[in-house]
Amino acid sequence: MSEYTPPLRDMKFVLDTNCDLDEIIGYPAFSHVEKDVAYGALDEAARFFSEVVAPTNRDGDLIGSVHNDDGSVSAPESFKKAYEQYVAAGWGAVKSPIEFGGHGFPGSVGLAILEMLTSANMAFSLCPMLTSSAILALSVHGSDKQKATYLEKLISGEWTGTMVLSEPEAGSDVGALRTKATPNADGSYSITGTKIYITWGEHDMAENIIHLVLARTPDAPPGTKGISLFIVPKFVPDATGKPGEANSLTCVSIEHKLGIHGSPTCVMAFEDARGWMIGEENAGMRYMFTMMNDARIHVGLEGIGLAERSYQQALTYANTRRQGRAVGAPKTESSLIVEHPDVRRMLLTMRAFIEGSRALLYANTAAIDRSHHAPDEETRTKAEERAALLTPVSKAFPTDLGVELTSIGVQIHGGMGFVEETGSAQHFRDARITPIYEGTNGIQAIDLVMRKLPLRNGGV
């Protein structure tokens with residue numbers, strides 16, 4: 001397994017050109033952010049993720065997370081040590097609200113940091129990524145009490161968050177879900193049902209896990225119009241805000257998967273678990289899409305992150321492996337395979353699509369920054385429409401390419417790429433989930449053509 005060196009020069013170039021970071025940090029919301037400080041944070045992030053997180057990637061694949069007889073899940077020891085340092089360094093707070101302990105940086109800067117984390121160890125990165133999306137959902141839709149109870153701990157990383165949607169008969173068709181939410185006299189709800197494919201639904205890296213669960217109240221209408229969103233903590237916070245009584249939920253099992261072995265994909269059983277509704281009844285799908293659209297951009301980033309890691313490993317191998325004689329090379333020695341035109345073609349194909357995908361995703365996130373923080377309404381509206389149009393493309397295009405490019409990375413290694421010891425195959429296996437989850441890429445195509453392209457009669 002080769003080392004990972006974050007491509008800071010490329011990242012900063014895209015932030016400067018595609019995102020126009022100078023304009024974004026000029027908005028009043030980012031008056032506390034100086035560009036030198038933001039880029040200094042990227043430099044330190046590069047050191048941290050290459051030295052602390054990247055070495056754990058192989059452990060995640062070979063050791064994986066383990067489901068125990070008592071329903072608990074144990075992450076690899078190297079994950080736990082790296083996560084402790086991640087929390088201590090405050091990396092989860094970079095783009096989060098200042099009033100709850102965040103640093104309030106633009107989302108585009110946060111995305112660059114998340115790219116490094118994803119390349120360093122995708123399986124590990126899914127835990128902070130979903131926590132970030134939960135923070136966003138609570139920040140936008142949660143009550144003041146819910147924000148006060150949960151946001152500070154989630155932003156610090158002391159608690160982690162999940163997205164709890166899928167059920168055995170309700171995958172892409174979320175409207176078919178059957179999990180029940182029965183109201184209690186104290187204003188809480190009893191949540192009962194089985195959920196599947198819950199990423200980091202149970203683990204031992206944080207002291208509490210905050211599940212955001214979709215469920216139906218007793219008189220809810222059918223389909224997606226009858227779904228509400230609930231906060232269901234693993235441990236119910238006590239009067240002091242600390243983890244208190246264990247909630248009535250269990251990790252029944254974890255899936256045995258093609259890739260991302262370090263990330264536990266859980267089957268979760270909720271048996272009259274205590275939950276609290278977010279926002280209005282039957283508005284859960286709208287609230288969840290706040291979280292899902294954020295996660296879809298992050299999944300697109302996984303395609304880039306894995307392709308970048310695969311590219312770096314393939315490039316190193318191509319510059320050390322000798323085989324055959326390149327055109328024009330001396331007859332007395334074999335050539336480095338990087339000197340062969342076909343290998344160069346493959347490497348350049350990888351790099352070109354990585355850089356193009358990075359430009360797309362960073363531009364999408366910059367549009368989101370502008371949609372929330374630009375001082376004039378016209379700019380905000382145009383940016384919101386641009387972000388809506390780009391989101392399905394940002395999820396699908398880089399993830400389809402992530403599978404293709406990591407496969408090319410294996411090809412560059414030749415037979416050794418097919419041998420697990422080199423680690424090249426891990427990137428390919430890890431990438432294969434990305435066109436599937438957070439809405440399959442076929443669903444993204446439907447969203448683009450049926451919903452986004454017709455916006456304002458095609459005016460967007």
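The values are calculated or read from the model by the stated rules, or taken from the named source; none is laboratory data. The shown structure was predicted, so the numbers you read here are calculated from the model rather than taken from an experiment. Methodologically, a virtual Cβ is constructed for each residue, glycine included, from the backbone with ideal geometry; neighbour enumeration extends over all protein chains shown.
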Problem - Scan of region 355-377 for residues that are of a type in the set (Gly, Ala, Ser) and closer than 18 Å to residue 400 by Cα, ordered by number - result: 356, 357, 359
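Quick check on this structure: which one of 69, 59 is within 26 Å of residue 207 (Cβ to Cβ) and in a loop (DSSP other than H, G, I, E, B)?
Details: 59 fails: in a loop (DSSP other than H, G, I, E, B).
One residue alone meets the criteria, 69.
Listed here are the residues, each with its yes/no results for (1) modelled with pLDDT under 95; (2) on the phi > 0 side of the Ramachandran plot; (3) surrounded by fewer than 23 Cβ atoms within 10 Å (Cβ to Cβ).
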residue: 356; (1), (2), (3): no, no, yes
residue: 373; (1), (2), (3): no, no, yes
residue: 413; (1), (2), (3): no, no, yes
residue: 426; (1), (2), (3): no, no, no
residue: 432; (1), (2), (3): no, no, yes
residue: 438; (1), (2), (3): yes, yes, no
Fill in the blank from the handout: Taking region 295-317 and keeping residues buried (at least 24 other Cβ atoms within 10 Å of the Cβ) and either on the phi > 0 side of the Ramachandran plot or not aliphatic (A, V, I, L, M) (or both) leaves 296, 298, 300, 302, 303, 305, 308, 309, 310, 311, 313
Practice task
Say whether the condition of being farther than 20 Å from residue 409 by Cα, not charged (D, E, K, R) and not assigned by TED's automatic domain parsing to the domain that holds residue 50 is met by at least one residue in region 334-357.
Solution key: yes
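Return the residues of region 112-127 that are within 11 Å of residue 301 (Cβ to Cβ) and touching a Phe, Trp or Tyr at 6+ places or on another chain (Cβ under 6 Å); say none if nothing qualifies. Lay out the reasoning, then the answer.
Residues of region 112-127 within 11 Å of residue 301 (Cβ to Cβ): 112-119, 122, 125.
Once the filter is applied, which keeps residues that are within 11 Å of residue 301 (Cβ to Cβ) and touching a Phe, Trp or Tyr at 6+ places or on another chain (Cβ under 6 Å), region 112-127 yields 116, 117, 119.
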Exercise for the section: Would you be able to say whether some residue in region 350-359 is touching a Phe, Trp or Tyr at 6+ places or on another chain (Cβ under 9 Å) and of a type in the set (Lys, Arg)? Expected result: yes
Exercise for the section: Only residues in region 233-245 that are β-branched (Val, Ile, Thr) count as the first member; pair them with residues that are assigned to a strand (DSSP E or B), Cβ under 7 angstrom, at least 6 apart or cross-chain, and list the lot. Expected result: 236/244; 236/245; 236/274
Problem - Residue, farthest from residue 307 (Cα to Cα), within region 399-440, restricted to residues that are assigned to a loop (DSSP other than H, G, I, E, B) and charged (D, E, K, R) - result: 438
Exercise for the section: Count, please, the residues in region 242-276 that happen to be among the small types (Gly, Ala, Ser), over 30 Å from residue 429 (Cα atoms) and either in contact with a Lys or Arg (Cβ under 8 Å, 6 or more places away or on another chain) or modelled with pLDDT under 95 (or both). Expected result: 2
Practice task
Within region 110-118, identify whether any single residue is part of a helix (DSSP H, G or I), within 24 Å of residue 149 (Cβ to Cβ) and not hydrophobic (A, V, I, L, M, F, W, C), and answer yes or no.
Solution key: yes
Fill in the blank from the handout: In the set 290, 320, 316, the lone residue that is polar (S, T, N, Q), over 24 Å from the mean Cα position of the chain (by Cα) and part of a helix (DSSP H, G or I) is 316
Exercise for the section: Just give me the residues in region 368-398 being aliphatic (A, V, I, L, M) and either free of Cβ contacts under 8 Å to residues at least 12 places away in the same chain or part of a helix (DSSP H, G or I) (or both), in sequence order. Expected result: 368, 383, 387, 388, 389, 390, 393, 396
Practice task
Looking at (1) more than 24 Å from residue 406 (Cα to Cα); (2) without any contact (Cβ under 8 Å) to a residue 40 or more places away in the chain; (3) of a type outside the set (A, V, I, L, M), find the lone condition where residue 55 falls short.
Solution key: (1)
Practice task
Please find, among 399, 381, 320, the residue that is buried (at least 22 other Cβ atoms within 10 Å of the Cβ) and hydroxyl-bearing (Ser, Thr, Tyr).
Solution key: 399
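Would you tally the residues in region 18-44 being among the β-branched types (Val, Ile, Thr), in contact (Cβ under 8 Å) with a residue 24 or more places away in the chain and in a helix (DSSP H, G or I)?
Here is the first cut: in region 18-44, the ones among the β-branched types (Val, Ile, Thr) are 24-25, 33, 37.
This time we only want the ones that are in contact (Cβ under 8 Å) with a residue 24 or more places away in the chain, so: 24-25, 33.
Add one more test, that the residue is in a helix (DSSP H, G or I), and what stays is 24.
The number of residues fulfilling the criteria is 1.
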Completion exercise
Checking 2, 50 in turn, the sole residue that is of a type in the set (S, T, N, Q), outside any helix (DSSP H, G or I) and either outside the structural domain of residue 258 (by TED's automatic domain parsing) or modelled with pLDDT of 95 or more (or both) turns out to be 2
